[in-house]
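Asks: This structure is in structure tokens; I'll ask about it shortly.
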Amino acid sequence: QARFGPALRVAGVQHPAPPLLCQVNSIKDSISVSAPFATPVFAGRNLLPRPPRSVIWVLLYAQVTQADGASQRNVLLSRCLAPEPERLFPGEIGKMMTGIGLALWERPRIESLLSSLALPAQSPLSVLAVELLPEISPPNDPLSGDLGKTRILRASPLTPVPPIC
């Protein structure tokens, strides 16, 4: 019995999407970010379509101290679509990494982005992965100006880029 009105009838249960965690790899020449696509499962069977219908975008941020020194701010440097590695690496390597989105930034590009904002080249960086639901006519850059019209399935926490290893 509902408190204010008729009883609520629920025909099925909808579970929340699993958390999205991204993995960051920092090497001398580049930074790569991988994140798994949400995998629908029914009766223990993986129903992830090939290619996945959802898309993953990865956002690269620099942490900057506020002008008055009171706090840190995240400044967006770049956004990158993270397709499945099979599209990037045709063959066996790409087939082994199904269900994962992969984004890559070259170090010279990152340094160029930092210098264009007058930020130090050694600024701490972090990334955020966002998985978007499929759309009939998706915009070229769905995480830009019309963010309110984009359906987000899930987003990862802000993940720091580790030092070069």
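The values are calculated or read from the model by the stated rules, or taken from the named source; none is laboratory data. Keep in mind that what you see is a predicted model, and the values were worked out from it rather than measured. To get the accessible areas, we keep the full protein, side chains included, count just its heavy atoms, and leave off ligands, DNA and RNA. Shrake-Rupley method; radii C 1.70, N 1.55, O 1.52, S 1.80 Å.
Asks: Keeping all protein chains in the complex and leaving out DNA, RNA and ligands, what accessible area do you get for V33 with a 1.4 Å probe, in Å² to the nearest 10?
Replies: So the heavy atoms of V33 present about 0 Å² to solvent.
Asks: What is the gain in length, in nm to one decimal, between R79 and D29 on full extension, counting 0.36 nm per residue of separation less the C-alpha to C-alpha distance?
Replies: Net length gain for the segment: 16.2 nm.
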